[in-house]
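Notes for the one structure printed next.
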Amino acid sequence: MLIEVLKSKVHRAVLTEANLNYVGSLTLDEALMEAAGMIEGEKVQIVNVNNGERIETYLIKGKRNSGTVCLNGPAARRGAVGDIIIIISYALMDFEAAKTFQPKVVFPKEGTNKLP
């Protein structure tokens with residue numbers, strides 16, 4: 001049996017941009033993606049701590065160490081610059097393997113979106 005479990009997350013990143021005039025997705029600093037074990041094109045869930053919105057989209061690689069966290073396209077209407085968000089990815093895993101799997105959790109420096 002396969003179950004869906006937390007694979008990784010970036011906890012409490014600050015939204016730096018909201019670009020309505022883009023096709024869609026979340027642009028994320030490449031260093032944060034790498035630290036969380038996320039890849040470009042990966043499906044993610046975004047939880048907005050400020051307004052309770054939850055959306056699903058995919059990742060686009062942002063400039064490394066830029067601190068970029070940008071909602072693009074229609075998703076830009078679900079958050080405002082300065083909002084705190086959690087970026088979550090999930091994986092399908094064998095039930096027994098999931099019992100011991102340890103997800104990667106990244107806590108950016110508060111207000112900077114940089115790695116500690």
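The values are calculated or read from the model by the stated rules, or taken from the named source; none is laboratory data. What you see is a predicted model; the values in this text were computed from it and never measured. FYI the Cβ positions are ideal-geometry reconstructions off the backbone, even for glycines, and counts take in every protein chain you see.
Do we find that G79 is closer than 12 Å to A13 by Cβ, touching a Ser or Thr at 6+ places or on another chain (Cβ under 6 Å), surrounded by 15 or more Cβ atoms within 10 Å (Cβ to Cβ) and modelled with pLDDT of 95 or more in this structure? Please lay out each step first, then the result.
On the way: closer than 12 Å to A13 by Cβ: yes; touching a Ser or Thr at 6+ places or on another chain (Cβ under 6 Å): no; surrounded by 15 or more Cβ atoms within 10 Å (Cβ to Cβ): yes; modelled with pLDDT of 95 or more: yes.
In short, no.
Filter the stretch 1-24 down to residues that are of a type in the set (D, E) and more than 17 Å from R78 (Cβ to Cβ), then give me how many there are.
Keep residues of the stretch 1-24 that are of a type in the set (D, E), which gives 4, 17.
Right, trim to more than 17 Å from R78 (Cβ to Cβ) and you get 4.
Result for the stretch 1-24: 1.
Taking I46 and the conditions (1) among the β-branched types (V, I, T); (2) crowded, with 19+ Cβ neighbours inside 10 Å; (3) over 21 Å from P103 (Cα atoms), which numbered condition does it fall short on, given that it satisfies the others?
Result: I46 fails condition (3) only.
Only residues that are of a type in the set (G, A, S) and closer than 16 Å to R12 by Cβ: list them for the stretch 90-116, please.
Step one: filter the stretch 90-116 for residues of a type in the set (G, A, S), giving 91, 97-98, 111.
If the condition is that a residue be of a type in the set (G, A, S) and closer than 16 Å to R12 by Cβ, then G111 is the only one that fits.
Only one of (1) surrounded by 13 or more Cβ atoms within 10 Å (Cβ to Cβ); (2) part of a loop (DSSP other than H, G, I, E, B); (3) in contact with a Lys or Arg (Cβ under 9 Å, 6 or more places away or on another chain) fails for Y22. Which number is that?
(3)
Would you mention how many residues in the stretch 37-49 are touching a Leu at 6+ places or on another chain (Cβ under 9 Å) and at negative phi?
So the first thing to find is which residues in the stretch 37-49 are touching a Leu at 6+ places or on another chain (Cβ under 9 Å), and the list is 38-44, 46, 48.
From the residues that got through so far, the ones that are at negative phi too are 38-40, 42-44, 46, 48.
Residues meeting the conditions: 8.
Among the residues in the stretch 17-35, are any within 14 Å of the chain's Cα centre (by Cα), more than 30 Å from M1 (Cβ to Cβ) and β-branched (V, I, T)?
yes
Which residues, taken from the stretch 4-15, are buried (at least 18 other Cβ atoms within 10 Å of the Cβ) and more than 11 Å from the chain's Cα centre (by Cα)?
Filtering the stretch 4-15 down to residues buried (at least 18 other Cβ atoms within 10 Å of the Cβ) leaves 7-10, 13, 15.
Matches in the stretch 4-15: K7 only.
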